[in-house]
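Written below as structure tokens is the structure these notes are about.
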Amino acid sequence: MIARVSLEIALRKEFDYSIPPEFAGKVDVGTRVQVPFGARKVLGIVTAVAEESAVVKLKPIIKVIGEQSLVTPKVLRLARWLGEYYCCAPEVALKSVLPESVRKEDAGWRERLFVRVLPVAGEFPKLPKRQQDVWNLVEERREILLAELVTLAGTTAGTVRKLEDRGLIQITSEIAERDPYGREEILPTLPIVPNPAQAAALAKIKAAMDAAGPKEAAAGEAAAGEAAKGSATFLLYGVTGSGKTEVYLQAIAHALEQGKGAIILVPEISLTPQTVERFKARFSSGPLQTLVAVLHSHLSSGERHDEWHKIRQGRARIVIGARSAIFAPVEPLGLIIVDEEHEHTYKQEEAPRYHARDVAIMRGQMEGAVTVLGSATPSLESYYNCEQGKFTRLDLPERVDNQKMPYVRVVDMRQAARDGQGPPIFSPQLKEAITQRLERGEQTILFLNRRGYSNSLQCPKCGFVANCPNCSVTLTYHRAEQKLACHICGHAEKVPPVCPEPKCKNPAIRFAGTGTQKVEAVLAKLFPKARVSRMDADTMKRKDDYRRTLGDFRAGKIDILLGTQMIAKGLHFPNVTLVGIIYADMALHQPDFRAGERTFQLLTQVSGRAGRGDVEGEVFVQAFTPFHPAIQYARRHDFTGFYEQEMEFRTPLKYPPVSRVALLTLKGRNEDKVAFSADHLRRELDKTGAGFKDLVIAGPAPAPLLRAENFYRYQIMLRTRAMSRLSRVLADTVQKLTFPDDVTLAIDIDPVNLS
Ligand SMILES: [Zn+2]
Ligand SMILES: [Zn+2]
């Protein structure tokens, strides 16, 4: 027998090895192996097992890693699709489906020493006092970790060993599973009776799951390009506070009843202990009891190793995790949930540049599982797919417990800028609202966009923003060259000396924005008695910082919580009655066709933090372009209205969701070489892309952050509906091209970040 192996070193090729007799029966598709390659020993994954090979004189496999094959055939198939669609080498795709600690097996199971009393035969011996004390302790506990015993008894391992020598106790080495949430006390919860909207959504999800059939009938594998029996994708569109999680929990229960498992993806930032507890609590007891495994980047590699193997062994039927949890070896898989499906953190920003939501949909189709995408502000892609009949929409239009949606006021900052000297941080209206909350003992959340500064040009007096005449995106302001440039088509113009708006002509047109630190300082001056806490990447460095600050806020020890994206979602504090968004324009005028969508989502999510208790919430949105549709539709909580106007803008320009985008970025230290290579690539693409009816190629153009880290970057953007086909053409084209040594090319299919 021979095994075909994909090696971890990037060669875009697989190699055959013989399976020596000692490994017979141990090597299967998905097994991790160590094999000789030239003079080296390298790791790889078996992708096929066959009777014979075209190659004579095969080298044998050196070592088999792990008891079970690590990559299941289904996940292997998913990885193959991933490599093809996202234009990356198959070994890179394969690498991403296993956590590093599992792939390398360096973490391994942790063995720990346990101490137990043994039955005493005959008369109990007379012991020295120290030994007697230790024995008493062990006897009382029956079983105790050696390390714990040593601390507790104030003794040494030597003393304990003496008891072992006398045959009074036994010390054994056993696997102690790491449980990252082991210290939490989890109280079981029972299903809540769903309201009519929740019940209707659940009925449809369950019916689709039933159509897939029970465990035995499952595993219907579909041919490439078509969906397996029973797969279906739903968009659960529910306003903030509408009880989406309860729908998830009851759908998961249904999967368990069918003898299947479930994967729940949440954005990394929402993976708070509270979120995890909600899932663990529901399935911690009762007939559907199962382990809930958690996979995310804040676990130690040992914890990740143990959590992963609990899934592989089938002991944990439910997996909750960030992006990469979509590759968890749950089998059979009945349900995939992608919460906050519009979140951009589902996209991996290095190769393989996959989008976990799209991988989830593909996995569901391949394995006959039901996929539920949940959001209060769906991505335009998902909403469009519902309109096209590809997904089914399920609506939760009201908040549970009849809470009202918060009242949103938009504050025109141009007015405030005209009255004072330059734009203030707090408008008089927001200042007044904060004062009221402090007097009433209610809490406030203040939000400032992560960037805190702007790379666009905006007039603070009239709100004018410079846009590209061809692409309808904001022009990027290049300080050093004093020019404005479009990074999609390459259009460039000089920075105007005064605001081009005829009625304005403001000479101080450049408004740079401000950071959270500055806002904190101003807050301290305006409200010297208020207890303010700042939450951003600078203040939340340690693992526990985030949790502690939120704990303090919940306990009422903080009056005003000031933060970035970190506080935008998922938080539920009944005493928060005011939310202030300092500069809504910061998200709005990014050089990206999704800037409006992102602003709409952000404003809706942040607003959703207000009024989660008995008192109605109030939101202040401060903006220099208060009449922008993204702001106005968010103010009215009108997603459909926003969707319709946004589609009117995107359709003629062939932006997603009516088509798909591939972004090619060339990067190097020498600008001439990068620009030359980009032109060369563009000419090749014109030739190879000729077969596509709807292909739009824009660029090359300098990237918005042109000289990031001393690298020059040029981009070419391609748009087409036929992305799977284009991916293959791109892979072929790029294979044939050669670039100067110091110029690198990155291909990003369905990019979410254009800067
Ligand atoms: Zn102006
Ligand atoms: Zn342009």
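Projecting the Cα atoms of V46, I61, L7 onto the charge dipole of region 1-78 (Cβ charges, centred on the Cα centre) puts L7 farthest toward the positive pole.
Each of K390 and T640 was given a label point 7 Å from its Cα along the Cα-to-Cβ line. The distance between the two points is 2.3 nm. Projecting the Cα atoms of L718, L681, Q645 onto the charge dipole of region 636-731 (Cβ charges, centred on the Cα centre) puts L681 farthest toward the positive pole.
Over region 518-559, one equal point on each Cα, no solvent: what is log10 I(q)/I(0) by the Debye formula at q = 0.14, 0.27 Å⁻¹? Values, matching the q order: -0.35, -0.97.
What does the extension gain come out to for Q313 and D732, with contour length at 0.36 nm per residue minus their alpha carbon separation? Display every interim value, and only then the final one.
On the way: separation 419, 0.36 × 419 = 150.84 nm, distance 3.95 nm.
In short, 146.9 nm is gained.
Decide, for region 345-420, between rounded, prolate and oblate: order the square roots of the alpha carbon gyration tensor eigenvalues as a ≥ b ≥ c, take rounded if a/c falls under 1.5, and otherwise choose prolate if a/b is larger than b/c, else oblate. It comes out oblate by the Cα gyration axes.
Summarising the label geometry, the points placed 7 Å from Cα in the beta-carbon direction at E493 and H344 lie 2.5 nm from one another.
Give the shape of region 388-506 as rounded, prolate or oblate, defined through the alpha-carbon gyration tensor: a ≥ b ≥ c are the square roots of its eigenvalues, a/c under 1.5 means rounded, and otherwise the shape is prolate if a/b is larger than b/c and oblate if not. Write out the running numbers ahead of the final one.
Values: a/c = 2.74, a/b = 1.31, b/c = 2.09.
Oblate, because a/c is 1.5 or more while a/b does not exceed b/c.
For the chain, the 222 nm mean residue ellipticity estimated from helices alone, with every DSSP H stretch of n ≥ 4 adding -39500 (n - 2.57) and the total spread over all residues, rounds to -9500 deg cm²/dmol. With Cα atoms defining each centre, region 305-354 and region 716-755 are spaced 27 Å apart in the structure.
When the Cα positions of Q388, V370, Q429 are compared along the charge dipole of region 366-442, Q429 comes out farthest toward the positive end, with charges on each C-beta of Lys, Arg, Asp and Glu.
For the chain, a simple Cβ point-charge model (Lys and Arg +1, Asp and Glu -1, everything else neutral) yields a dipole of about 1120 debye relative to the Cα centre. For the set K461/K654; K204/K260; K347/K673; K244/K390; K347/K404; K206/K404, the pairs lying more than 25 angstrom apart at their alpha carbons are K461/K654; K347/K673; K347/K404; K206/K404. Working ranking of peptides 574-582, 81-89 by packing, defined as the average number of other Cβ atoms within 10 Å per residue, highest first, is 574-582, 81-89.
Distance from the C-alpha centroid of region 42-103 to that of region 629-689: 35 Å, rounded to the whole angstrom.
Of W135, W308, how do they rank once you tally other Cβ atoms within 10 Å and put the fewest first? Intermediate values should be presented prior to the final figure.
On the way: W135 21, W308 25.
Lowest count first: W135, W308.
Shown is the FRET efficiency for H680 and R40, computed with R0 = 41 Å from the Cβ-Cβ distance and rounded to the nearest 0.05: 0.70. The R547 and I186 beta-carbon pair, evaluated with R₀ = 22 Å, returns a calculated FRET efficiency of approximately 0.85. A straight Cα-to-Cα reach below 16 Å connects K59 with the lysines K41, residues fewer than 8 places away in its own chain not being considered.
Please state the shape class of the chain: rounded when a/c is under 1.5, otherwise prolate if a/b exceeds b/c and oblate if not, all from the C-alpha gyration tensor. It would help to have the intermediate numbers written out before the result.
Working: a/c = 1.80, a/b = 1.26, b/c = 1.42.
It is oblate, given that a/c is not under 1.5 and a/b is not larger than b/c.
Figure legend: label point modelled 7 angstrom from the Cα of N195 along Cα→Cβ; residues of region 637-660 with amide N under 19 Å from it are 637-640. The C-alpha radius of gyration of region 543-678, expressed as a fraction of 2.2 N^0.38 Å, stands at 1.37.
Note on S472 and A207: the extension gain reaches 91.0 nm, defined as 0.36 nm multiplied by sequence separation minus the Cα-Cα distance.
Only Lys, Arg, Asp and Glu carry charge here, each on its Cβ (+1 for the first two, -1 for the last two); on that basis region 316-453 has a dipole of about 340 debye about its Cα centre. Once both labels are positioned 7 Å from their Cα atoms along Cα-to-Cβ, the gap between T155 and A48 label points is 6.2 nm. Phi angles of region 282-289 translate, via the Karplus equation with coefficients 6.51, -1.76, 1.60 and θ = phi - 60°, into HN-Hα couplings of 5, 10, 7, 8, x, x, 9, 4 Hz per residue; Gly and Pro are given as x.
A Förster radius of 22 Å, combined with the Cβ-Cβ distance separating K59 from D742, puts the computed FRET efficiency at roughly 0.05.
E123 to D694: extension gain in nm, 0.36 nm per residue of separation minus the Cα-Cα distance? Write out the running numbers ahead of the final one.
On the way: separation 571, 0.36 × 571 = 205.56 nm, distance 9.16 nm.
Value of the extension gain: 196.4 nm.
Each reported figure results from applying straightforward, stated rules to the coordinates on display, with no laboratory input. These numbers come from a predicted model, not from an experiment. Backbone-built Cβ (ideal geometry, glycine too); neighbour counts: all protein chains shown.
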